[in-house]
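Participant: Below you will find the structure I want to go over with you.
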Amino acid sequence: MSKNSNEARFLALLERVLPQATTDTLLAAKIYEKVAKEVRLYASLDAFEKFCTKGSIPDTEETTITELKDQLAGNFGEENVVINPPDESDDEAPQNEVTVEITLPDRTVTNKLKVVSPEEAAENDA
């Protein structure tokens, strides 16, 4: 059974059980919404972490970084996403990755995302 299916089943179960646990429909709705939001947040974080492991961005141009930040902001909130391009003045720092920091209510997640040009990606696929 897929993870998404398990999450959907859990939320459906929660939606069915909450009204049995309380007669306060507003409270039940608030609890459901908060739990559903957290489930979506963790699913988005899992997807992002997989993307960092297997995916890449084609360059560190401002438009590419802005597009990446906009996508992540849609899932985590604009104020919670920081993307740091490679520090070109630091000869020790890797120049083929960006650092992405996502601040969650209970923790901060930091990941590296590879920068692979389309030409390099084509060579690696061949």
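The values are calculated or read from the model by the stated rules, or taken from the named source; none is laboratory data. All of these numbers come straight from a predicted model, not from anything done at the bench. A quick note on method: Cβ atoms are made from the backbone with ideal geometry, for glycine too, and the neighbour counts reach across all protein chains shown. Please note that ligands, DNA and RNA were not included when accessible areas were found on the heavy atoms of the full protein model with its side chains. Shrake-Rupley method; radii C 1.70, N 1.55, O 1.52, S 1.80 Å.
Participant: Could you tell me whether the stretch 91-110 includes any residue that is in a strand (DSSP E or B), open to solvent by 30 Å² or more (accessible area, probe 1.4 Å) and touching a Pro at 6+ places or on another chain (Cβ under 8 Å)?
Facilitator: yes
Participant: Could you list, in sequence order, all residues of the stretch 9-36 that are part of a helix (DSSP H, G or I), open to solvent by less than 70 Å² (accessible area, probe 1.4 Å) and farther than 23 Å from P105 by Cα? Before the answer, list the steps.
Facilitator: Step one: of the stretch 9-36, the residues part of a helix (DSSP H, G or I) are 9-21, 25-36.
Now restrict to residues that are open to solvent by less than 70 Å² (accessible area, probe 1.4 Å): 11-12, 14, 17-18, 28-29, 31-32, 35-36.
Across the stretch 9-36, the qualifying residues are A12, V17, L18.
Participant: State all residues of the stretch 59-86 that are assigned to a helix (DSSP H, G or I), farther than 22 Å from S117 by Cα and within 11 Å of the chain's Cα centre (by Cα); if no residue qualifies, say none.
Facilitator: Selection gives A73, G74, N75, F76, N80.
Participant: Within the stretch 6-22, does at least one residue satisfy the condition of being modelled with pLDDT under 95, within 28 Å of V100 (Cβ to Cβ) and among the polar types (S, T, N, Q)?
Facilitator: Yes, that holds for at least one residue.
Participant: Let me ask something else about it. Taking the conditions exactly as written (surrounded by 14 or more Cβ atoms within 10 Å (Cβ to Cβ), among the hydrophobic types (A, V, I, L, M, F, W, C) and closer than 18 Å to P105 by Cβ), does F76 satisfy them or not?
Facilitator: On the way: surrounded by 14 or more Cβ atoms within 10 Å (Cβ to Cβ): yes; among the hydrophobic types (A, V, I, L, M, F, W, C): yes; closer than 18 Å to P105 by Cβ: yes.
Taking the combined requirement at face value, the residue satisfies it.
Participant: (1) in contact (Cβ under 8 Å) with a residue 24 or more places away in the chain; (2) exposed (fewer than 15 other Cβ atoms within 10 Å of the Cβ): which one isn't true of F48, the others all being true?
Facilitator: Among (1) in contact (Cβ under 8 Å) with a residue 24 or more places away in the chain; (2) exposed (fewer than 15 other Cβ atoms within 10 Å of the Cβ), the lone unmet condition for F48 is (2).
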